[in-house]
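Trainee: Take this structure, written in structure tokens, and hold onto it; I'll ask about it next.
What follows is calculated from the coordinates using simple rules that are stated; it is not laboratory data. Here the structure is a predicted model, which is why all the values come from computation and not from measurement. As a convention, Cβ positions derive from the backbone with ideal geometry for all residues, glycine included, and neighbour counts pool all protein chains shown.
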Amino acid sequence: MHHQNTDPPARQPIPDIKQRVEELGVFFEQTKLTPMEARVFALLLLSDPPEMDFYAIQDFLQASKSTISNALKRLMAEGRVEYITKPGDRKRYFRVSIIKWLEHIQQALASVGPFVSTLDKVITLRKDTSSPEFNRDLHRIKDYFLFLKEELPRVQAKWNEREGSDD
């Protein structure tokens, strides 16, 4: 009689994880993170399970305690990272705070309005300059952000509807 294996499949670590953390880190530096914050964040996105204790993070990234500690403090203050504890274990485990990170992204998108008004001021101040082509390009950027500002509430409403219907 042949019995079926019901064990969960063995975990496969992400190949070349050190290189992947480095690549993602470079990307996240563009989101106002220091190089170390970006690498801690990238590591937590790729770790399996998706949480790590302080010393595992420090060991992986080969950085000083204070560097890792400062990076984690800032990531937590920003709401990108949180910590959890496990019963019977005194360690804190750090992980990406998915809900807060999403809210952070949504807030960044909401700042399109102020950007449009700032660009408007720049365009007004430049109207008599001798660079009409550059001024046209600025208008094009402003129009793009105006379009985003108009469309984002619809996109957000669609997202909310889709999230609500997953229950």
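Trainee: Can you list the residues, at least 5 places off or on another chain, whose amide H is less than 5 Å from the amide H of VAL81, using H built in the peptide plane?
Mentor: For VAL81, whose amide H was placed from the backbone, the distant partners under 5 Å are MET76, SER97.
Trainee: So, one more: In the set [x] 22.7, 74; [y] 15.7, 46; [z] 22.3, 87, which value of Rg and Dmax of the Cα atoms in Å was calculated from the structure you see?
Mentor: Correct label, based on the coordinates given: [z].
Trainee: Assuming 0.36 nm per residue, please report the length gained on full extension of the stretch THR31 to MET76 beyond their Cα-Cα distance.
Mentor: 14.7 nm
Trainee: So which of LYS32/LYS100; LYS32/LYS73; LYS32/LYS86; LYS100/LYS158; LYS65/LYS86; LYS100/LYS142 end up more than 26 Å apart by C-alpha?
Mentor: On the way: LYS32/LYS100 16 Å; LYS32/LYS73 15 Å; LYS32/LYS86 31 Å; LYS100/LYS158 20 Å; LYS65/LYS86 22 Å; LYS100/LYS142 29 Å.
From the list (LYS32/LYS100; LYS32/LYS73; LYS32/LYS86; LYS100/LYS158; LYS65/LYS86; LYS100/LYS142), the Cα-Cα distance tops 26 Å for LYS32/LYS86; LYS100/LYS142.
Trainee: Using the alpha carbons of the stretch 68-120, what is the convex hull volume per residue in cubic angstrom, as a whole number?
Mentor: 77
Trainee: If you take the beta carbon distance between ARG95 and ASN160 as r and set R0 to 35 Å, what does 1/(1 + (r/R0)^6) give as a FRET efficiency, to the nearest 0.05?
Mentor: 0.90
Trainee: Can you sort GLU161, GLU103, GLU133 from fewest to most other Cβ atoms within 10 Å of each residue's own Cβ?
Mentor: By the 10 Å Cβ count, ascending, the order reads GLU133, GLU161, GLU103.
Trainee: As a check on your grasp of the helix formula, calculate [θ] at 222 nm for the chain: sum -39500 (n - 2.57) over DSSP H runs of n ≥ 4, divide by the residue count, round to the nearest 500.
Mentor: The helix contribution divided over the chain gives -21000 deg cm²/dmol.
Trainee: Can you compute the modelled spin-label distance between THR124 and ALA108, with each label point 7 Å from Cα toward Cβ, in nm?
Mentor: It works out to 2.9 nm between the two label points.
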